[in-house]
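Input: a single structure, listed below in C-alpha cells.
Since every read-out is calculated from the coordinates, none of them should be taken as a lab result. As the structure is a prediction and not an experimental result, all values here were calculated from the model. Backbone-built Cβ (ideal geometry, glycine too); neighbour counts: all protein chains shown.
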Amino acid sequence: MDFKPIIQEQRKELEDIFRQETIIGREGLATAKSYLRHPNILAVLGIRRSGKSIFSYLLAKGGNYGYINFDDERLGAVKTDDLNSILEAFYGLYGDVEYVVLDEVQNVHGWELFTNRLRRTKKVILTGSNSQLLSGELATRLTGRYIDFVLLPFSFREYTELKQVEVKESYTTQEKSEIIKHALAYIESGGFPEVDKFGRQMLLRIYEDIITKDIIMRYKIRKIEEFKQFARYLVSNSGKEITYSKLAEIFKLKHPLTASKWVSYIENSFLLFRLERFSFKLKQQFIAPKKVYCIDTGIINTIGFKFSEDKGRLMENKIAVELRRKACGKGIEIYYWKDHQQNEVDFVVKQGKKIMQLIQATNANERMDINERELKSLVNAGRELKCSRLSIITWDYSGTLTYAKRKIELIPLWKWLLAEK
C-alpha cells in the first residue's frame, strides 16, 4: 500500500485548519514541549475530539515532522509490518524527520515494538482515546522512559481566549455581567473545540462515537442496548453516589463485577471519572460508594439532565473536572467526604498525607442561599480531617463568613475557573 497520498492529505488538512480557523495555545503546551527536548515518547491522552491532533501538531510544527492519523477508514487494515513502510514514506516525503506523530495509534495492533525502536532516535508523539494505551507491552518495556499527558476539553480560560474575552484582575459591573454570561454558555455547551464551530449537535455525535467506537467495539460488548442505557444512566447521575451491586440490580446484570467492568470501560474512554469517598482506612475507602463525574458538562446537558433542571449539579460537575485538571502532574488527589450522619462535603483536596482544602459547591447568589447543612458539613469535615482551608464555590457570591468559629471562603465559580493553576 502506498501511504504517501494519505499522509500528504492528512497533513494538508491539519495545515488548512491552522490557516482558516482560530487556534489557541492550549494550557500545558509548554510543559508538554519540555518533555521532548531529547528523543523520547510523549503520549497525549484524552477523550475523543478534545483537540489531541491539534495539540500534537503544535508540539511538532517547529521541527521537521511526519504525521499520520490512524482514525481513518483507509488505514483500517494497517498491520504491524506496515508501520515501517509508513516511516519510509515519512523519509521519502520530508527527509530525516525529527518528530514522528502517530495519532490514535491504539487502532494498530502491535504498535508498541515499533514505537520502542523509534524512541531511540526520534521524538515520538502518540495520541490515544483510551487511558489504557500505556498499560501493556510498551509500559513494560519502557519503564520510566515515556511520559503521558492528559488533554481535557477546553478550560474556561481557554474558552475565554477563543471568544476573545479579556481576563483581568478586576471588572466593571457590565464586564462582570458579560463574564457570567460566558460562564453560563460554557457550562451549558461544554468545552469540546468543535462545538463552537458546529454547534451543540456535535455533542451527540461525539457521545455516540465514544460509546460505539471507543467502548462497544473495542471491548466487544454483546449487550449493546443494555450498555447504552447503562452509560446514559451514569451520565445522567453525574455527581451521585453509585455502587456496583445497585447498578447490577437496576440493569439486571448477573454479577456486580459486570457493572464494575462497564464503569471501567467508560472511564478508560475518558467519558467519566470516579471519585472515592475519603477515609483514612483504605478498606473503608475501597468498599464505600463511589461518585462518577462526566468529563464535559455539555454532554450532560445534551444526554442527561438539563441545565435549567439542576444548575447546582452541573456546577459541581464542572468543579470536579477543573479540580482534576488542576491536580494533573502535581501529586494531588481528589475525594469526597461523608460521615455516618450523612453530612457531606463535595471535594477533599489531598496532597501527600495532608488535606489541603475542603470545597462545597452551591448555586448561591447571596448568603441566604447557602444551606446551613452545607456549612455544618464543611466545618465537621474540617475538624475531623484537620483542615483549616474551607471553601464554598458559589454561582456569584464572594466574601468570607464565620460559622462555628471557622472561617469559610466564598468564591464565585467564574472567578475560580479563571484563577491560575
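Near residue 62: Cβ cut-off under 10 Å, other residues only, Lys/Arg at +1 and Asp/Glu at -1. The net charge is +1. When you work out D = kT/(6 pi eta Rh) for the stretch 291-415 at 10 °C and 1.306 mPa s, using the Kirkwood radius from C-alpha pairs as Rh and the Stokes-Einstein form, the result is 106 µm²/s.
Ranking 293, 125, 151 by Cα position along the charge dipole of the chain, where only Lys, Arg, Asp and Glu carry charges on their C-beta atoms, puts 293 farthest toward the positive end. Any idea what angle helix 256-268 forms with the longest principal axis of the chain, computed on alpha-carbon atoms, 0 to 90 degrees, nearest 10? Helix 256-268 sits roughly 70 degrees off the main axis of the chain. Checking the cross-link pairs 181/353; 52/261; 52/246 against a 28 Å limit on the alpha carbon distance flags 181/353; 52/246 as lying beyond it.
Legend: translational diffusion of the stretch 355-421 by Stokes-Einstein, Rh = Kirkwood radius over C-alpha pairs, 20 °C, 1.002 mPa s; D = 179 µm²/s.
Restricting the stretch 23-74 to trypsin sites (Lys or Arg not before Pro) that sit in a DSSP loop and have at most 16 other Cβ atoms within 10 Å of their own Cβ leaves 37, 61. When the inverse distances between all different Cα atoms of the stretch 4-150 are averaged and flipped, the Kirkwood radius reads 15.4 angstrom. The amide H of residue 356, built 1.01 Å from its N in the peptide plane, has 349, 350, 351 as neighbours under 5 Å, considering only residues 5 or more places off or on other chains.
The ranking of 23, 7 from fewest to most other beta carbons within 10 Å of each one's beta carbon is 23, 7. Computed from Cα positions, the angle between helix 4-20 and the longest principal axis of the chain comes to roughly 40 degrees. Ranking of 113, 14 by neighbouring Cβ atoms within 10 Å, starting from the fewest: 113, 14. Along the axis of the charge dipole computed for the stretch 200-309 (Cβ charges of +1 for Lys and Arg, -1 for Asp and Glu, origin at the Cα centre), the listed residues 303, 224, 211 are led at the positive end by 224. Sorting 299, 215, 224 from the fewest to the most surrounding beta carbons within 10 angstrom yields 224, 215, 299. Taking a ≥ b ≥ c as the square roots of the eigenvalues of the Cα gyration tensor of the stretch 194-341, is the shape rounded (a/c under 1.5), prolate (a/b larger than b/c) or oblate? It comes out oblate by the Cα gyration axes.
When both the stretch 12-73 and the stretch 371-421 are represented by their alpha-carbon centers, they are found 38 Å apart. For the stretch 1-52, the spread of Cα coordinates along the three principal axes comes to 34, 29, 22 Å, biggest extent given first. Taking every Cα-Cα distance in the stretch 35-99 and sorting them into 10 Å bins from zero, the calculated P(r) comes out as 17, 46, 36, 2 percent.
Compute the long axis of helix 372-385 from its Cα atoms, compare it with the longest principal axis of the Cα atoms of the chain, and write down the angle in degrees, 0 to 90, nearest 10. Once rounded, one gets 70 degrees. Each Lys and Arg Cβ is given +1 and each Asp and Glu Cβ -1; about its Cα centre, the chain then shows a dipole of about 1680 debye.
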